[in-house]
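Below: the structure, in structure tokens.
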Amino acid sequence: MIAEPDARAARIAADFPLLAQPTSRGKRLAYLDSAATSQKPQAVIDSLVHYYTHDNANIHRGVYELAERATDAFEGARAKVARFVNAAEPAEIVWTRNTTEAINLVSFSWGLANLEPGDVILTTQLEHHSNLVPWQLLAAKTGAELRYIEVDAEGLHVLDDLDEKLRGVKLVAMSHVSNTLGTIAPLAEIIPRAHAVGAVVLIDGAQSTPHFAVDVRALDVDFFVASGHKMCGPTGIGFLYGKRALLDAMPPFLTGGDMIREVGYERTTFNELPWKFEAGTSNIADAIALGAAVEYLEHIGMDWVAAHERALTVYALERLQPFVARGLDIYGPKDVTKRSGVISFNFADIHAHDLASILDLDGVCVRAGHHCTMPLMDKMGWPATARASFYLYNTERDVDQLIVALDKAADVFKVA
Amino acid sequence: MDDFYKEYILDHYRNPRNFGHLDAPTATAEDLNPLCGDKIRFELQVDGDGRVTDVRFSGKGCAISQASASMLSESLKGEMLEDVARFSQERVLENVGIGISPARMKCAMLGLKVAKSAALGEIAHWPDEAPAG
Ligand SMILES: Cc1ncc(COP(=O)(O)O)c(C=O)c1O
């Protein structure tokens, strides 16, 4: 069961040129930080080079062939992303720089227009700062209340009091998958109940979209956001999905060129969706390359990606188990069906930062720190954690390398 | 960096010197490194001549930041306050005595930053400081 997917992952890894690059110490690279950003397959790198070599022109305004080709590629990429998350139409996909900008777009546009004093924004205790700070500021500006769904010691959402929490809620904004603990949110339970009280639901899909098939219509989310750079695409491009009726009713966020229909000295009318929200020259090359990234992922198959990451997580948890007696703490849901390929941990009295430095000597890249979830770390009482996260190109060999490096860290720090 | 965590670093990490608080410190400062959450506070006792007669630090964090602060605390006693304010990064690196990668420089320098801030009475900065996290 595990052996076959692992062999395929090893073949997939060959599509990612960076992974073949040894470290400056000559170590094989075990890249276990895809939750921060993923590596890029050759197809995506080629897309960028091809665009600038053959298709570069500004979009939408040109009448010459080159500009048409650029526009077609740009809008074609939008259609690919729309298909990837099963939006009803490409116009429901708005390009942004990343997840953070998409959340800010909704906060400034929908939030300022729809929230009043006494309204409630409901989020959770494990959000990334990107899905927390914009709502804190929106609450301060509008007089709305920010309320939290709690998580338990494993990082699982506590839903016993959900009806109470949902009272007065106008917006539910929460992550699909936690970047710190890997918790997969029980959206099928939460979203219908949020809608039943008339709330609008925004899902931060930064950690789900790259790792398993997302269907925005089956989830019935109102807004869904993600970052291209975590899903094999380039940095600087992400997207906001919104239901047309909501997006149509929203005022623009950034204003200027491209997002207008008609501009006079006295007044301006705005462009239609999705361009109403895309002021100024877009990140054309990276949008097109994100289209190449989702094609690549579709070609592999998102169900395979999910199954592979699950198998690798199970394998890693098994290999980590012997360290528990030596002081390894593994965080997050114990039930692997409730977590993604993210494993946060601490080892004895070794600070996560030191641990990451020692693992780095052996070519193992893990993240250490608060993972942009400071309130969650405070709640759990962890000053920092080390985090290994998996993607489609990771193999058991990467996990084995982590295990060997952990043993060395134990030696260095003289952990019994 | 292969000799990254020398025995004396671990010793300072696990048994920090001058760790704790003074009853009535003359000068204090604290700061944190938002990248890793490391926190350090320095408390200085200064006599009428401006000489540091006692020092304590407190905080938590990685071995590099805690050991570096602990070693720094040992070299502050007896120094003039104005010399503490001029204490150089190079001297801290000499103290630490191991290669520090650019990513960990903030950890190694946190104690110095706080001790200098205490001596200056304001937050100390250096020109090459990059934003963290
Ligand atoms: C759950 C989650 N939300 C939001 C973000 C922010 O993504 P970006 O920095 O691409 O805007 C991240 C990335 O770390 C994340 O993991």
Can you tally the net charge around A:GLY76? Count Lys and Arg as +1, Asp and Glu as -1, for every other residue whose Cβ sits under 13 Å from the Cβ of A:GLY76. -1
Listed residues A:HIS176, A:HIS50, A:HIS157; largest mean-square fluctuation, Gaussian network over chain A with Cα springs below 10 Å, found at A:HIS50
Over all pairs of different Cα atoms in region A:1-87, the reciprocal of the mean inverse distance gives a Kirkwood radius in Å of 16.2 Å
Per DSSP H run of n ≥ 4, the term is -39500 (n - 2.57); total these for the protein assembly as shown, divide by its residue number, and report the mean residue ellipticity at 222 nm rounded to 500 deg cm²/dmol. -11500 deg cm²/dmol
Per GNM of chain A with C-alpha springs under 10 angstrom, the most fluctuating residue out of A:GLU127, A:GLU266, A:GLU189 is A:GLU266
Report the one residue of A:VAL225, A:PRO134, A:PHE108 whose Cα lies farthest in the direction of the positive end of the charge dipole of region A:45-299 (charges on C-beta: Lys and Arg +1, Asp and Glu -1; origin at the Cα centre). A:PHE108
Yeah, region A:45-299 with a ≥ b ≥ c from its alpha-carbon gyration tensor (a/c under 1.5 is rounded, else prolate when a/b outruns b/c, oblate otherwise) is oblate
In whole percent, what relative contact order does chain A give with Cα contacts below 8 Å and a gap of six or more residues? 23 percent
So for region A:324-392, using the alpha carbon gyration tensor with a ≥ b ≥ c as root eigenvalues (a/c under 1.5 gives rounded; past that, a/b versus b/c decides prolate or oblate), I'd call it rounded
What angle, in degrees between 0 and 90 and rounded to the nearest 10, separates the Cα long axis of helix B:105-120 from the longest principal axis of the Cα atoms of chain B? 10 degrees
Rank A:ALA245, A:ALA91, A:ALA279 by mean-square fluctuation in a GNM of chain A with C-alpha springs under 10 angstrom and give only the top-ranked residue. A:ALA245
Using only the alpha-carbon atoms, how far is helix A:284-300 inclined from the longest principal axis of chain A? Give it as 0 to 90 degrees, nearest 10. 50 degrees
Along the three principal axes, how long is the protein assembly as shown when you take its alpha carbons, biggest first, rounded to the nearest angstrom? 76, 61, 55
26 Å Cα-Cα reach of B:LYS113 towards lysines, excluding residues that sit fewer than 8 places from it in its own chain: B:LYS6, B:LYS39, B:LYS60, B:LYS77
Binning every alpha carbon pair distance of region B:1-84 at 10 Å from zero, what are the percents per bin? 18, 46, 29, 7, 0
Compute, for region A:45-299, the length of the dipole vector about the Cα centre, with Cβ point charges of +1 (Lys, Arg) and -1 (Asp, Glu) only. Units Debye, rounded to 20. 380 debye
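Throughout, read-outs are computed from the coordinates displayed, never taken from laboratory work. For clarity, every value in this text was computed on a predicted model and none was experimentally measured. Methodologically, a virtual Cβ is constructed for each residue, glycine included, from the backbone with ideal geometry; neighbour enumeration extends over all protein chains shown.
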